[in-house]
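Dropping a structure here in structure tokens format, bear with me for questions.
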Amino acid sequence: MITALFSLLLGAADTAGSPPPAVALQQQYERIKSLRAQELAELQAASRARQMQHELQVAEAEHSIRSLGQQPGATVTPSGPGLTDYELVGVVQGEGSSLVLLRLHQQLIRLTTGIPDASGLYAEVTGTAVRLSKAGKHRLLPLPRGW
């Protein structure tokens, strides 16, 4: 497109009877400026169309989610393990905080008391039990005698 503009400009400058060079240059500049403004307007319109398409997709997804929630008998089941799936392996008490070791299936999980992990699991050590908390639910794991 730019090479076509330059050839147009050069061809216009070589024609006989053309206006003085300063006027011709000003006309060419105005023509290029108007073409650039038109190109920018087209780019802006394309960008706005993409934005509106994205907004439409979001609105359709939100509508689908709302309609799923309104279906009779629709229930939301929590993903991930429940608190009953955790087994207490050990507790290591330090100066200020304790370390709680849990087993979930074949995986060992280490929690520092008072600090939730990435899944939101939280542990507290009382005198006789470890209290697990996650998503508003709680479970007490009794400490064996002698711990």
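Read the figures in this text as sums done on the coordinates, not as results from a lab. Note that the structure is a prediction, hence the values are computed from the model and not measured. Every residue, glycine among them, receives a Cβ derived from its backbone with ideal geometry; neighbour counts consider all protein chains shown.
Only residues that are exposed (fewer than 14 other Cβ atoms within 10 Å of the Cβ) and in contact (Cβ under 8 Å) with a residue 24 or more places away in the chain: list them for the range 107-141, please.
S119, A135, K137, H138 - these are the residues of the range 107-141 that are exposed (fewer than 14 other Cβ atoms within 10 Å of the Cβ) and in contact (Cβ under 8 Å) with a residue 24 or more places away in the chain.
Which numbered condition trips up A118, out of (1) in a strand (DSSP E or B); (2) within 14 Å of P81 (Cα to Cα)?
Of the numbered conditions (1) in a strand (DSSP E or B); (2) within 14 Å of P81 (Cα to Cα), the odd one out for A118 is (1).
When the range 128-146 is examined, which residues are found to be among the aliphatic types (A, V, I, L, M) and either outside any loop (DSSP other than H, G, I, E, B) or under 14 Å from L88 (Cα atoms) (or both)?
Of everything in the range 128-146, those that are among the aliphatic types (A, V, I, L, M) and either outside any loop (DSSP other than H, G, I, E, B) or under 14 Å from L88 (Cα atoms) (or both) turn out to be A129, V130, L132, L140, L141, L143.
Do you know which residues across the range 114-141 are under 30 Å from the mean Cα position of the chain (by Cα) and of a type in the set (S, T, Y)?
S119, Y122, S133, listed by residue number.
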